[in-house]
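Here the structure is laid out as structure tokens; the discussion comes afterwards.
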Amino acid sequence: MNTLLPTSIAGSLPKPAWLAQPETLWSPWKLQGAELVEGKQDALRLALQNQRQSGIDIISDGEQSRQHFVTTFIEQLNGVDFKKRKTVKIRNRYEASVPMVVDEVTRPSSVFVEDAKFLRKLTKQPIKWALPGPMTMVDTLFDDHYKNRGALAWEFAKLLNQEAKELEAAGVDIIQFDEPAFNVFFDEVNDWGIAALERAAEGLKCETAVHICYGYGIKANTDWKKTLGSEWRQYEDVFPKLQSSTIDIVSLECQNSRVPMDLIELIRGKKVMVGAIDVATNTIETPEEVADTLRKVLQFVDADKLYPSTNCGMTPLSRTVAEGKMQVLSAGAAIVRGELG
Ligand SMILES: [Zn+2]
């Protein structure tokens, strides 16, 4: 990146009302067949334009072509039966009916590569593409085949690596793996989670990122956060091993969060995508609030490695709020960029 403090969003953007029910997770598509394909492409165009007009430097797809950041990838794999379901607790937090792994998992064809090619043609700006991380995928399923979370994660990592290599070939500049599960299962993260993540990123020449957050601003997450006490030290358990991993960028939550900022020191040397926008509130930050967060983070991250971002995805927000938040992210980054000269 040539720009100092390049801005990006962590993940999703709200979808247009003609494509899917707004402000809703797992919202069903309102279009079908060829109309759905075209509708998703139009939504991608809008997501690009919104980010561009808001001054975002690294463009994402805003997850306009997927219903959910984990499920949409899994749906395209063989070995997972979506008709056989079981209720499990996701991230030890909320119960959900999830599909079952019934056989060896394979990836018969690419999942997002056509979407990435489409976005690549529309812009010369750097593109970031998000994939679910192996551990978070495992945590969103009931495994009746491998019967070992680490073994299943390793198989998913191989499939993610195939997808990531095709995304790289399509011109994606940063591939991000979303691993909210890293904030929950610390022993497993250190035992096999980071190894599986590195396997997913193996051999990539583009930049790689891991996004670890406290989730969307939905009730199950805000209730969970209330149980975490006054200081959220979850990152402390996984950062040391991440610091020595092959992953280039760590995307984390900061704004309005109880994460003690000095924990970022534990990943000194990595590029850090800092969440300077709270996605769990409709209140739009002021540029000065964003700048203030970035200034504080600069104590622990070298300026050339600081990437201002959002805490998490913005699917549950209104389009107006999401746009407002992107604009202040850019404005806040511009203030600090000016100070750095
Ligand atoms: Zn997130």
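The values are calculated or read from the model by the stated rules, or taken from the named source; none is laboratory data. These numbers come from a predicted model, not from an experiment. Positions of Cβ are backbone-derived with ideal geometry, glycine not excepted, and every protein chain shown enters the neighbour counts.
Things to note:
- Within the range 2-35, the residues that satisfy the criterion of being away from the ligand (no atom under 16 Å from the Cβ) and in contact with a strand residue (DSSP E or B) (Cβ under 8 Å, 6 or more places away or on another chain) are LEU5, PRO6, THR7, LEU19, ALA20, SER27, PRO28, TRP29, LYS30.
- When ALA209, ALA196, ALA181 are checked against the criterion of being of a type outside the set (Asp, Glu) and either over 20 Å from VAL274 (Cα atoms) or free of Cβ contacts under 8 Å to residues at least 40 places away in the same chain (or both), a single residue qualifies: ALA196.
- Meets criteria (within 16 Å of the ligand (Cβ to nearest atom), farther than 21 Å from ILE267 by Cβ and buried (at least 24 other Cβ atoms within 10 Å of the Cβ)) for THR315: yes
- Yes/no for VAL259 being surrounded by 15 or more Cβ atoms within 10 Å (Cβ to Cβ) and either modelled with pLDDT of 90 or more or on the phi > 0 side of the Ramachandran plot (or both): no
- Looking across the range 97-134, just one residue is in contact with a helix residue (DSSP H, G or I) (Cβ under 9 Å, 6 or more places away or on another chain) and among the basic types (Lys, Arg), and that is ARG107.
- Options ILE218, ILE284, ILE247, ILE212; residue that is modelled with pLDDT of 95 or more and under 18 Å from LYS325 (Cα atoms): ILE284
- Meets criteria (away from the ligand (no atom under 16 Å from the Cβ), under 21 Å from the mean Cα position of the chain (by Cα) and closer than 23 Å to ASN311 by Cβ) for GLN51: yes
To keep it simple, each residue is scored yes or no on (1) in a helix (DSSP H, G or I); (2) at pLDDT below 95; (3) surrounded by 20 or more Cβ atoms within 10 Å (Cβ to Cβ).
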| position | (1), (2), (3) |
| --- | --- |
| ASN2 | no, yes, no |
| PRO22 | no, yes, no |
| LEU25 | no, yes, no |
| LEU31 | no, no, no |
| GLY39 | yes, no, yes |
| ILE56 | no, no, yes |
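- One residue from LEU294, LEU242, LEU266 being over 19 Å from the mean Cα position of the chain (by Cα) and either closer than 21 Å to ASP178 by Cβ or within 15 Å of the ligand (Cβ to nearest atom) (or both): LEU266
- Within the range 298-327, the set of residues being among the hydrophobic types (A, V, I, L, M, F, W, C) and either in a loop (DSSP other than H, G, I, E, B) or touching a Cys at 6+ places or on another chain (Cβ under 6 Å) (or both) comprises LEU298, PHE300, VAL301, CYS312, MET314, LEU317.
- Residue selected from the range 194-220 under the condition within 16 Å of the ligand (Cβ to nearest atom) and touching a Phe, Trp or Tyr at 6+ places or on another chain (Cβ under 8 Å), by the criterion farthest from ALA10 (Cα to Cα): ALA220
- Failed item, numbered, when ASP223 is tested on (1) within 15 Å of the ligand (Cβ to nearest atom); (2) surrounded by fewer than 15 Cβ atoms within 10 Å (Cβ to Cβ); (3) among the acidic types (Asp, Glu): (1)
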